[in-house]
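Contents: one structure, followed by commentary.
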């Protein structure tokens, strides 16, 4: 156990060193922003190395913090560089016109089977893919409402754990489902972030 | 528990999440509450700027939507600092600290001034990078000792690795203190004193708290 | 207890008056009478007072209350022999207060004072080095424990002289007319104090008095231990006079140089801590 | 900004009363030391400010007593 952990730690530190070296070398603002993501992922690797149930609980806030910082900084970059007009439609790939629905459905379905945090991430990727291909009319209010309700359910599950431990199975399922919807909603917002009137 | 900040006054246990007040953390907590209150009830000032090379001067106005957004961010920053002051859990502390980093950027992000935005961006990059040592230290400590509770770490015989402590301080410095010299002085030029003051206050408070944490565990 | 507050503020103002007198005599000027700062406080409290139109009124007034409150609290912390961490927390909070004073008015001079006080954060790090060095020996940061330790082992001034120098420099950087007093140097009028006139300035004078008293009192207690009260007051005056000599013969550094010098001092102190960590088991 | 004399008077009276009450309570042992200190920390700044504002508000055209040496 210990040697494996040390090995992982060594790899993580080495990756961090690479990331920091890249950041020191890079001078372009946008590229530095992209490189910080490299650092964020190493951070998650550090937490994942703990390798217990606790690690999963700790990764979620770590990831949320990372994503929110990334979004906030991209917004600042956009404003400070004066990019206030939404970009023109960029990617033109055939599969994005023909297959988004089935790809998204497969990913969301698989995510629901997994449930919990990784399930949410996979389902979220499906929704992102769908929005990237089709998302002309994103319905932000709906996504935000779903996300809010799922958060409430998550909190309810927490209180169930504390106050009525005998219903733990119900609480686990509730928390798993809620976190699935929550992570999915948050990730799908990234897919929809392309400026425009809603941004 | 006799901690470095004086005799414990009050311990709030919520499941395994623990908050405790020593005279030291209580002082910091009250200051965070006080300045958050000031940020809520004060209106921004009109900063007077002198046009270079002449006698002309003009007042910078803060628009209402900008003020609302920045006040919200300042309150969020205050709440994050309050959380960081009373948390008895190392990971919660690091989480609150990183939240302080984000909200500090947010407080000045609505200012439409290129210098301020540049400074905020530079600071944001540093704050983002600093999450690596910050969360890394918490993960390292939980992996080697098996607990994140500060009182347990203080009482128990587990040896907290020195590198964990060093990374924690480095992370907090990155989130709050280090950008003082690089970017924050520029950020402080932004009008809206009640909100801008939360930037420096929150950095200061998390730094004061990490000194207590590192010497205690 | 309220009498302690009033006496401490008055004695602190007297010390500041002595400070001015000593500086003046070294520079071969007659100088103001030693009670000049007390008179100043009273004089300002009789002046007509209002809030500037551009100011953020709540913060403008609130920060004055906060300034007096934190240093009153600091006095009580020192008197009660509580943790010196609290004292240091309050000392660092004073930077926020200066910042609030400067920025709340909207005046450019105040703003520069506030920004300078933020960049002079380098002056606070030696303070942490001080407490770390003390902690190595006493094993506690409660002031009463430190005093008790000195009753047994002799004054800390002889045990950890570099720590005493570090705290001495920290006090120096908060005194007026010192080499590190960039926050109120004259090219930005009065720095963060510029727009606080009348009663606000009188309250600021009370704060300055309390601050001077608390810092010097804590210095004597931490490094020399428990002594008769009259002797403590005499030693405080002696420390202040030595500080005045430093202030009288050094120019105010430019902000950049001030921060550089303070950073160098911090580096030296960190090296000293590393040395202590190596030597002390 | 003109402070109303009444407001200042109320503030002064309130802060002075609070301090006196806390002081008496402390000397008679009704409240512990830390509670009295907390009261002083809150009330003393208010006392200083309102005192200054009050005697200025009370002044008419008479000379200022502390100007000059």
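Please treat every number below as a calculation from the coordinates, not as lab data. Quantities reported herein were computed from a predicted structural model and do not represent experimental measurements. Virtual Cβ from ideal backbone geometry, glycine too; neighbours counted across all protein chains shown.
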query = Going highest first, how would you order A:4-12, C:108-116 by mean Cβ packing within 10 Å?
reply = C:108-116, A:4-12
task = Using label points projected 7 Å from each Cα along Cα→Cβ, tell me how many nm separate residue C:24 and residue C:50, to one decimal.
result = 3.4 nm
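If you rank A:133, C:7, C:247, B:77 by fewest surrounding Cβ atoms within 10 Å, what's the result? Write down the numbers at each step before the final one.
Working: A:133 19, C:7 11, C:247 22, B:77 29.
Taking fewest neighbouring Cβ atoms as first place, the list is C:7, A:133, C:247, B:77.
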remark   = In Å, the Kirkwood estimate of hydrodynamic radius for chain B over Cα pairs equals 18.1 Å
Additional length obtainable on full extension of the chain from residue A:81 to residue A:151, 0.36 nm per residue less Cα span = 21.7 nm
message = Under the √(5λ) rule applied to the eigenvalues of the Cα gyration tensor, what semi-axes describe the equivalent ellipsoid of the stretch C:69-176? Give them in Å, descending.
response = 31, 15, 9
query = Gaussian network model of chain B, Cα springs within a sub-10 Å range: biggest mean-square fluctuation belongs to which of B:59, B:155, B:138?
reply = B:59
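What is the fewest-to-most order of A:110, C:256, B:195 by other Cβ atoms lying within 10 Å of their Cβ? Don't jump to the answer; show the numbers that get you there.
On the way: A:110 14, C:256 10, B:195 29.
So the ranking, lowest neighbour count to highest, is C:256, A:110, B:195.
Calculate the mean, over all residues of peptide C:124-136, of how many other protein chain Cβ atoms lie within 10 angstrom of the residue's Cβ. Don't skip to the answer; put the middle values down first.
Working: counts 4, 2, 0, 0, 4, 0, 0, 3, 3, 0, 0, 2, 0.
Average neighbour count from other chains, rounded to a whole number: 1.
For C:88-96, what's the mean count of beta carbons from other chains sitting within 10 Å of each residue's beta carbon?
On the way: counts 3, 13, 3, 0, 4, 8, 0, 3, 10.
Mean shielding by partner chains, rounded to a whole number: 5.
At a 10 Å Cβ-Cβ cut-off, how would you order C:3, C:124, fewest neighbours first? Please list the in-between numbers first.
Values: C:3 8, C:124 21.
If I rank by nearby Cβ atoms, fewest first, I get C:3, C:124.
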message = Ratio of alpha-carbon Rg to the 2.2 N^0.38 Å globular estimate for the stretch B:76-133, to two decimals, please.
response = 1.21
message = Taking beta carbons within 10 Å but only from partner chains, what does the mean come to for residues B:187-193?
response = 6
ask   = Per residue and in Å³, how big is the convex hull formed by the alpha-carbon atoms of the protein assembly as shown?
value = 199 Å³
task = Could you tell me what fraction of 2.2 N^0.38 Å the Cα radius of gyration of chain C comes to, as a two-decimal ratio?
result = 0.99
key: Estimated distance in nm for a label pair at residue A:21 and residue D:6, the labels positioned 7 Å out from Cα along Cα-to-Cβ   = 7.6 nm
query = Roughly what would the spin-label model give for residue B:166 and residue C:279, points 7 Å off Cα along C-beta, in nm?
reply = 2.2 nm
task = Work out the P(r) tail for the stretch C:1-151: percent of alpha carbon pairs separated by more than 26 Å, whole number.
result = 45 percent
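Given a Förster distance of 45 angstrom, what is the FRET efficiency for residue A:52 paired with residue A:102, based on the Cβ-Cβ distance and rounded to 0.05?
On the way: r = 37 Å, r/R0 = 0.83.
Step by step, r from the Cβ atoms, then E = 0.75.
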